[in-house]
């Protein structure tokens, strides 16, 4: 897998999305799945959340598009780009920080829209109707505009108080265009526009547990699956009450899920979960790397495209379970270069794709195996497998307690395999082994693949300075996998590891938990409704489409728990 962490952090014990502190096994840390969910508890506390930067940009563009001002969104691209990007330490959806840079950028976008509307009669007419370019702005014209544009902007009808406050901008002093401009800016700077405000639902036995209102539910559906505001069909379903019925809600969920925007959102999930944006490139100028890659044309984008095609296939085209994806031996690459690296043929997109003979599943694809250097890093591969695909916590080491040189790469030795050098790095040190014992073996199993993601039977060792081939060493890819608590069985290689992982059910539960975290913008905490939902959605028999779509049918999706005052 790619160098996901700084090169010196070979301990690889740092987590990204931390789990609840579980009991500790002497052989390594593993989470405990508990409790049983005979009675569905309340969701975890849902804090007030801003629109993610992706959601904000999409919302502005779509709001302008549905208001007849699509061209204006293009003109505002520089201002939209100035909205700070969310952190990619884990999922970007989890970054809920609001800084002065956000406020400034939001205001510049709102002002840009307002200025353009005021200065361009055609745009004013498109937004507010021909009555807005008359000499006097009538109350009826204002109400029609606010009821139409305001419902889209705030994702619900404006209240009587809001209508009164916004209508006050039509004070007889401002020209009609100035008054509309002021109303637009006020709406676009409202907390109701830039944030997910969910406080209108009915109480469910407690003042802190709320059933989402129909409009809040419409917004949660659209932002979960489309990353943008509800369309008119969702808002109309909220208005006429059909969204509050079982049949009406199901019809909207199915419609939303079938929309192409859902595919786009799910690819964001995969791309961020698998850290596909973190690869920093191949060290093509290093003689040793050039020797390793001789005869290959490497394009990381093509590797990522393959993962995209594979996840789409098992979600939409040939629906399968997450276990099916993890064990899949089909090759869906359209790239001749990647097919050559794999030793398979190019798929033309029609009929059954070709099949691998030397690898299986999602985790053995080049995009998840490549490294920028000529050497693999089993610590990184193992930590990624343990943390991301099994959802096990890895403790963060205290740097002050580590022996001198602990964070240095293991010394080069032409007669030692990468595994042997990395094993020697932590041998005899109980402090290091306490952490590495939980994940290093997973990385050693994956030594069957080189730093390009190619299958190999021997490890080629190159001189870093000259690129000369120094040795071809036998590989040992057997190890104690420790997939589950107390599991000390030895696996013989990557395929054996994949089979053991699937049979444990942990990757399936991890997949459901990770998608819930991405979609609901908070990690499922043991004892909450989200946790019970992930146990249900982590069933091995559910297709991935069932999991993605099924989250919207869970009680925790339709409710909110308000934090303590």
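Computed from the coordinates by the stated procedures, all read-outs in this text should not be read as laboratory data. Bear in mind that the values here come from a model prediction, so they are computed numbers and not experimental data. In this analysis, Cβ positions are derived from the backbone assuming ideal geometry, glycine residues included, and neighbour counts consider all displayed protein chains.
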Just to check, using Stokes-Einstein with a Kirkwood Rh over alpha carbon pairs, what's the diffusion coefficient of the range 49-196 at 4 °C and 1.567 mPa s in µm²/s?
82 µm²/s
So, in nm, how far is label residue 40 from label residue 168 when the simple model puts each one 7 Å beyond its Cα toward the Cβ?
4.2 nm
Counting only the backbone N, which residues of the range 308-323 are under 12 Å from the spot 7 Å out from the Cα of residue 268 toward its beta-carbon?
none
Note the listed values [x] 1.06; [y] 1.17; [z] 1.03, then indicate which one is Rg/Rh (Cα atoms, Kirkwood Rh) calculated from this particular structure.
[z]
In nm, to one decimal, how far is the residue 259 label point from the residue 242 one, both placed 7 Å along Cα→Cβ?
1.5 nm
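What is the ratio of the Cα radius of gyration of the range 213-262 to 2.2 N^0.38 Å, where N is its residue count, to two decimals?
Working: Rg = 9.5 Å, N = 50, 2.2 N^0.38 = 9.7 Å.
So the range 213-262 has a normalised radius of gyration of 0.98.
On full extension of the chain, what length is gained from residue 284 through residue 475, given 0.36 nm per residue of separation minus the C-alpha to C-alpha distance?
Values: separation 191, 0.36 × 191 = 68.76 nm, distance 2.51 nm.
Length difference between fully extended and current span is 66.3 nm.
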Report, to two decimal places, the Cα Rg of the range 375-454 normalised by 2.2 N^0.38 Å (N = number of residues).
1.10
For the chain, what is the relative contact order in percent, using Cα pairs closer than 8 Å and at least 6 residues apart in sequence?
22 percent
Divide by every residue of the chain the summed helix terms, -39500 (n - 2.57) for each DSSP H run of at least 4, and state the resulting mean residue ellipticity at 222 nm, rounded to the nearest 500 deg cm²/dmol.
-13000 deg cm²/dmol
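What order do you get for 222-229, 411-418, 334-341 when each peptide is scored by the mean count of other beta carbon atoms within 10 Å, highest first? Please list the in-between numbers first.
Numbers: 222-229: 23.0, 411-418: 14.6, 334-341: 17.8.
Peptide ranking by packing, descending: 222-229, 334-341, 411-418.
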For residue 299 paired with residue 490, estimate the spin-label separation in nm (one decimal), with each label point 7 Å from Cα along the Cα-to-Cβ line.
4.3 nm
What order, most packed first, do the peptides 166-173, 453-460, 506-513, 230-237 have when packing is the mean number of other Cβ atoms within 10 Å of each residue?
506-513, 230-237, 453-460, 166-173
